[in-house]
C-alpha cells in the first residue's frame, strides 16, 4: 500500500471540483502540504477566493526559469496535456510530491513518467 501523501501538488480541476462540491475547506484541513502552481492561481481560479486558500495554509509556488523551459519543451511533444497541467506535473515531479488531478491525460502522462498521481477521491 502506498504511504499517505504528505505533500501534494494540486491542479485546477481538483480545486474547482472540491469548491463546487462545497468541500474545499475540509480538503485544505487535511494533514498534508497543499501546493498550487502560481500559473494556475493566476489563470484558473476565478471562482475560488484565493485569499481564503492562503488562510487555510495552501502554498503557491512558481517554477524556476529552467522548469518553465522544460514545460514548454514537454508541451511540444505531449499535446494532449495542457501547459497549465504540465506546470503542475513538473512541480510535483521536482518536489517529489503526489500530483492530484481530475484530468485523465495528465494522470496518464504522470503515471508513464513515474510521478505519484491520484484523482480527487
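Suppose the filter is closer than 25 Å to residue 114 by Cα, in contact with a strand residue (DSSP E or B) (Cβ under 8 Å, 6 or more places away or on another chain) and without any contact (Cβ under 8 Å) to a residue 40 or more places away in the chain; does residue 34 pass it?
Yes, satisfied.
Can you name the condition, by its number, that residue 83 falls short on among (1) surrounded by 14 or more Cβ atoms within 10 Å (Cβ to Cβ); (2) in contact (Cβ under 8 Å) with a residue 12 or more places away in the chain?
(1)
Read-outs: derived from the displayed coordinates by stated rules, not from any lab. Note that this is a predicted model, so its numbers are computed, not measured. In this analysis, Cβ positions are derived from the backbone assuming ideal geometry, glycine residues included, and neighbour counts consider all displayed protein chains.
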